[in-house]
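Working notes for the structure below.
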Amino acid sequence: MSAQALVLAAGDDVAVALVPLIAGRTAEVRGAKAMRIQVRDAIPFGHKVALQDVESGRDVRKLGHVIGFAQVAIRAGEHVHLHNLQSHRGPRA
């Protein structure tokens, strides 16, 4: 199976979808980490998928850098986007 998501740096909490990911299916992840994840939400091409569970309030990393914090608990395989990720640069909800 070819990679469906890409991890950009070893310490990342998310991978980037290389194709639209379908909820309920397993996705092959390659890059800085190689693994398989069970996709929980439909995830559009180019969007982020959680690689592991992230507690509410915890920083989330992509490209080895903190891109924000989890507004709610995020489970592995869930879509990581504006509905559950808050930037440290913007106002807090």
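No value in this document is a laboratory result; all are computed from the given coordinates. The structure presented is a predicted model; accordingly, all values stated were derived computationally and were not measured. Neighbour counts run over all protein chains shown; Cβ positions are idealised from the backbone, glycine included.
Would you please give the FRET efficiency between residue 19 and residue 89, computed as 1/(1 + (r/R0)^6) with r the Cβ-Cβ distance and R0 = 30 Å, to the nearest 0.05?
With R0 = 30 Å, the Cβ-Cβ based efficiency is 0.50.
Which residue, 21, 51, 63, has the most motion in a Gaussian network model of the chain that connects Cα atoms within less than 10 Å?
Per the Cα network of the chain with a 10 Å cutoff, 63 tops the list.
Please compute the modelled spin-label separation between residue 58 and residue 38, points set 7 Å along Cα→Cβ, answer in nm with one decimal.
1.8 nm
Rounded if a/c is under 1.5, else prolate if a/b is larger than b/c, else oblate: which is the range 6-84, with a ≥ b ≥ c the root eigenvalues of its Cα gyration tensor?
Note, shape of the range 6-84 comes out oblate.
At residue 30 and residue 3, where each label point lies 7 Å from the Cα along Cα→Cβ, what is the point-to-point distance in nanometres?
Going by the 7 Å Cα→Cβ label model, 0.6 nm.
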